[in-house]
Amino acid sequence: MIESLQGAGEAVIDLLIAAMMVLVNLLPEALAEPFQYRFMQRALLTSILVGAVCGLLSSYVILKRWSLLGDAISHAVLPGVAIAYLLGWPFFVGAFATGALTSLGIGVIERNTRIKSDAAMGLMFTAAFALGVVIISQVATSTHLMHILFGNVLGVRYPALMLSLFAGLLVLAVVLLFYKELLVYVFDPVQARSQGLNTSVIHYGLILLLTLTIVASLETVGIILVVAMLVTPGATAYLLVNRLSTMLMLSTVIGIVSAVLGLFLAFQFNVASGGAIVLVVTGFFLLAFLFAPQRGVVTRWIRRNSAQGLPKTDT
Amino acid sequence: MTAERASQSVPAVQIKGLSVAYDSELVLDHIDLSLPAGRLIAVVGPNGAGKSTLLRTLVGSLKPSSGSVHVHGQAAERQRRAGQIAYMPQHEQVDWDFPLSVRDVVLSGRYGRIRMEGGWRRFLLPVMASDRHQEAVREALKAVDMHNHEQQPIETLSGGQRKRVLLARALAQDARLLLLDEPLVGVDRRSEELIMEVLRGQRDQGRTVVMVTHDIAGARRDADIAVLINRCVVGTGDPDKLLSDDMISRTATAAWLSNREKRYQPDTLEVA
């Protein structure tokens, strides 16, 4: 049963790769060339999927002010990976479990003490991370730890690809089908309650999606850098548009483009892929910060100066 | 006709033995309150008297530590799911940098109705909402004189406009009970008159309007019924009598002063 499912999953992924390669081969040869390698094709598909799902969720992370929570969950994933490694389980099972447990733990501390959420997060995620470091130092090599921390997209294999595909489809389906509920909940949770929505379900559902996305992104950008993919695309889009729907689409596109461009640069210059991807997305943010049509620093400066200049030329 | 009369006789809000606490401190202490349907009701009280807490309990965002709340004779949660409770928050409560247009916000008042259509239609994106909902949004925007700002991003609105957009969202919901948290704070004269006119219009259509306010003069002028609360219900009745200077100075002021020391920072409690 599981094996046939796995086979089907691999077939779907091979199909996606084939479709993707049709497009890649339309590119100029210099650009398409690295993607003739099988491992680069898998890396490209993973990057697209991870870029898309992180980018999409990052809009909600920005609007809900959950950047720190994203950081917390991503660190909390480490002990899960270590324990799974120890027990011979697939790494994402353990990662998902400790990530979700930590976010629940944060809520428990918040509700039952006078400690506020930022301290609760700081406390829980460093504790979980420390546990992970201790376990890993016992059982695995330091290169293994480096791959978990910083990702190794060039070494991605089928199980991780399938997980990314699953996360991508699930997040997309939830955002499309429950767009209205998420909008009301993020914009005005009290209004959501007054319409009889179960806000706890939405709240924890969103946290679980976030956890799943982080776990699915582990191999691409790694634990430390995934938070950049969960914050920066949304932050960039937030500076550029005025509608939630366009913000979601734009942050998804920014996520995909950064991941693909970063992967390409990493291959060309033989540098770490996770770092390259994050630097590219940060570059996009900088551009928006400076030149966004309404909110860019430079744009506003130019507008201010030309507005001041006008009356002078009149008189 | 008889059905209408029957529904009029069922109180819009029936509260029994309601207590609400933040941490261990009681903000509402064993309240009994019955609010008749089809009236404009002002809930008045000093800062931290539990006015907003009462509203938030009705809305369902705060869990009472004991007691029951019925709306139109049903458990409040059932009426919420049925879209019969509309709510207008104080405008500081909402993030106005949110990337939404005026129309988006008002349409979100219809989401409950869209969900109730059931089947696959409940999953439709808001842009695909049927004409009925679009029409309700247009009407609500017209009622608050914001129909020329439909596409405007909410971050560019003035204080009075923000209030009116939140009111339009509540109107679009087409609920029998409207709950408003300080609808007149921080608005200009024109918006204030417009908002009160809309609320009176809603009352005249048979809806129940419950507004929390600390503006005693306004409550005396506009409300049919006043409820004076200060952690418990101090009095209910004709606004002119209940909120007469004499009454205020005898009952309310005495209660406010005696409570002052115990509950000095109630505002910070309500922010949560």
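The values are calculated or read from the model by the stated rules, or taken from the named source; none is laboratory data. Computed from a prediction, not measured in an experiment: that's the story for all the values here. Please note: Cβ atoms are built from the backbone with ideal geometry, for glycine as well, and neighbour counts cover all protein chains shown. Ligands, DNA and RNA are stripped out before the accessible areas are found, and what is left, the full protein with its side chains, is counted by its heavy atoms. Shrake-Rupley method; radii C 1.70, N 1.55, O 1.52, S 1.80 Å.
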Please report the base-10 log of the normalised intensity I(q)/I(0) for the protein assembly as shown, using a Debye sum with one equal scatterer per alpha carbon and no solvent, at each q in 0.06 (1/Å).
-0.39
Within segment A:238-281, the residues whose backbone N lies under 14 Å from a label point placed 7 Å from the Cα of residue A:33 along the Cα-to-Cβ direction are A:265, A:267-270
How far is it, in nm, from the label point at residue A:158 to the one at residue A:141 when both lie 7 Å from their Cα along the line to the Cβ?
2.5
Give me the Kirkwood hydrodynamic radius of segment A:2-314 in Å, from all C-alpha pairs, to one decimal place?
20.6
Taking every residue of A:175-182, the Cβ atoms of other protein chains inside 10 Å of its Cβ average out to 4
The number of Lys pairs in the protein assembly as shown whose alpha carbons lie under 16 Å apart, excluding pairs fewer than 8 residues apart on one chain, is 4
Which whole number gives the average, over all residues in B:76-89, of C-beta atoms from other chains lying within 10 Å of the residue C-beta?
3
Rounded to the nearest 10 Å², what accessible area does residue B:70 show when all protein chains are kept and the probe is 1.4 Å?
70
Taking θ as phi - 60°, what are the ³J(HN,Hα) couplings along segment B:196-211 by the Karplus curve (6.51, -1.76, 1.60), each to the nearest whole Hz, with x for Gly and Pro?
5, 4, 4, 5, 5, x, 4, 4, 5, 7, x, 7, 9, 10, 10, 10
Starting with the highest mean, order A:173-180, B:175-182 by the number of other Cβ atoms within 10 Å, averaged over the residues of each peptide.
B:175-182, A:173-180
Sorted by chain and number, the residues with a modelled amide H under 5 Å from that of residue B:13, at a separation of 5 or more or across chains, are B:35, B:72
Determine the percent antiparallel among the DSSP beta bridges restricted to the protein assembly as shown, to the nearest 5.
55
For chain A, the accessible surface attributable to carbon and sulfur atoms (probe 1.4 angstrom, ligands and nucleic acids excluded) amounts in percent to 72
In peptide B:108-117, how many Cβ atoms from other protein chains are near each Cβ within 10 Å, on average?
4
